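Structure first, commentary second.
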Amino acid sequence: MHAKGIHHLGVAVEDLDEAVETYRSMFGAELEHRETVPGQGVEAAAMRLGEGRVELLRALGDETPVGKFIANRGPGMHHVAYEVSDLRGQLRRLADQGVELIDEEPHEGLFGLEVAFIHPHAAHGVLAELVAGG
C-alpha cells in the first residue's frame, strides 16, 4: 500500500464527553468535528493534535461494530486510518495481492470521507482503514 501518511487513530470509548475532555486537558487537543452516524452505529469526535488527529468513537448500541469491540476488548485502540490518494486503485491492488478486505468498494465514512476497511488479520491484528484525501 502506498499511503500518504496516517490520517487518524481510532479509539473506542465508553463516554464520548469524558474522552473529549480528557484529550483536551491531557494533550491540548481541539475538537475538530463531532457527529452521530446511526448507519455506522457510532457517535464520533475528531480531535486535532497539531498535525495529527484522533477519532474518538462511542458505540450507539451493543450490537454495533464498536459496541462489539468494546464488549470483547474494552475501550482502547480500534483502528489506524491511512490516507491514500487513489482509494479504488489501492483496493484493487490489495485485492490482487490477496489481502483480506472488509470493504471491496469504498463507502462514505465519518465526516463525509470516502473510506474502506482492511481486515485485522491482514495487518497483524489491527483494523486498518483507508481514507481518500481529507
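Applying the selection to the range 11-34, what residues are without any contact (Cβ under 8 Å) to a residue 24 or more places away in the chain and of a type outside the set (A, V, I, L, M, F, W, C)? First the steps, then the outcome.
Within the range 11-34, the subset without any contact (Cβ under 8 Å) to a residue 24 or more places away in the chain is 17-18, 21-22, 24-28, 30-32, 34.
Correct list: 17, 18, 21, 22, 24, 25, 28, 30, 32, 34.
The residue pairs whose first member lies in the range 35-53 and is over 26 Å from residue 68 (Cα atoms), whose second member is open to solvent by less than 30 Å² (accessible area, probe 1.4 Å) and hydrophobic (A, V, I, L, M, F, W, C), and whose beta carbons are closer than 6 Å, counting only pairs six or more residues apart or on different chains, are 49/29.
Out of curiosity, is residue 2 open to solvent by 80 Å² or more (accessible area, probe 1.4 Å), within 17 Å of residue 131 (Cβ to Cβ) and in contact (Cβ under 8 Å) with a residue 60 or more places away in the chain?
Numbers: open to solvent by 80 Å² or more (accessible area, probe 1.4 Å): yes; within 17 Å of residue 131 (Cβ to Cβ): yes; in contact (Cβ under 8 Å) with a residue 60 or more places away in the chain: yes.
When the stated conditions are applied, residue 2 passes them.
Of these, 128, 95, which one is at pLDDT 95 or above and open to solvent by 40 Å² or more (accessible area, probe 1.4 Å)? Spell out how you get there, then give the answer.
Values: 128 fails: open to solvent by 40 Å² or more (accessible area, probe 1.4 Å).
Going through 128, 95 in turn, just one is at pLDDT 95 or above and open to solvent by 40 Å² or more (accessible area, probe 1.4 Å): 95.
Of all residues in the range 82-98, those that are touching a residue at least 12 places away in the same chain (Cβ under 8 Å) have Cβ atoms under 7 Å from Cβ atoms of residues that are in a helix (DSSP H, G or I) and surrounded by 12 or more Cβ atoms within 10 Å (Cβ to Cβ), 6 or more apart or on another chain, in 84/90. For the range 39-72, taking the residues that are in a helix (DSSP H, G or I) and among the polar types (S, T, N, Q), the one that is farthest from the chain's Cα centre (by Cα) is identified as 72.
Could you please let me know if residue 8 is closer than 24 Å to residue 91 by Cβ, part of a strand (DSSP E or B) and touching a residue at least 40 places away in the same chain (Cβ under 8 Å)? Walk me through it before giving the result.
Numbers: closer than 24 Å to residue 91 by Cβ: yes; part of a strand (DSSP E or B): yes; touching a residue at least 40 places away in the same chain (Cβ under 8 Å): yes.
Criteria met by residue 8.
Could you please find all residues in the range 83-134 being aliphatic (A, V, I, L, M), assigned to a helix (DSSP H, G or I) and within 17 Å of residue 3 (Cα to Cα)? Break it down stepwise before answering.
Initially, the range 83-134 is screened for residues aliphatic (A, V, I, L, M), giving 84, 87, 91, 94-95, 99, 101-102, 110, 113, 115-116, 118, 122-123, 126-128, 130-132.
Subsequent filtering for residues that are assigned to a helix (DSSP H, G or I) retains 87, 91, 94-95, 110, 122-123.
Within the range 83-134, 87, 91, 94, 95, 122, 123 qualify.
Quick check: is even one residue across the range 97-108 of a type outside the set (Val, Ile, Thr) and within 29 Å of residue 17 (Cβ to Cβ)? Yes; the residues of the range 97-108 include at least one that is of a type outside the set (Val, Ile, Thr) and within 29 Å of residue 17 (Cβ to Cβ).
Taking into account only those residues within the range 99-111 that are without any contact (Cβ under 8 Å) to a residue 60 or more places away in the chain and open to solvent by 50 Å² or more (accessible area, probe 1.4 Å), which is farthest from residue 34 (Cα to Cα)?
Of all residues in the range 99-111, those without any contact (Cβ under 8 Å) to a residue 60 or more places away in the chain come to 99-108.
Checking the rest, the ones that are also open to solvent by 50 Å² or more (accessible area, probe 1.4 Å) come to 100, 102, 104-105, 107-108.
Values: 100: 30, 102: 25, 104: 27, 105: 25, 107: 19, 108: 16 Å.
Here the residue is 100.
Across the range 23-38, the qualifying residues are those that are touching a strand residue (DSSP E or B) at 6+ places or on another chain (Cβ under 9 Å) and in a helix (DSSP H, G or I), and the one among them that is surrounded by the most Cβ atoms within 10 Å (Cβ to Cβ) is 23. Considering only residues in the range 50-71 that are at pLDDT below 95 and exposed (fewer than 14 other Cβ atoms within 10 Å of the Cβ), the one that is farthest from residue 132 (Cα to Cα) turns out to be 50.
The values are calculated or read from the model by the stated rules, or taken from the named source; none is laboratory data. Owing to the predicted nature of the structure, the values given are computational and were not obtained by experimental measurement. We place every Cβ from the backbone using ideal geometry, glycine too, and count neighbours over all the protein chains shown. Ligands, DNA and RNA are stripped out before the accessible areas are found, and what is left, the full protein with its side chains, is counted by its heavy atoms. Shrake-Rupley method; radii C 1.70, N 1.55, O 1.52, S 1.80 Å.
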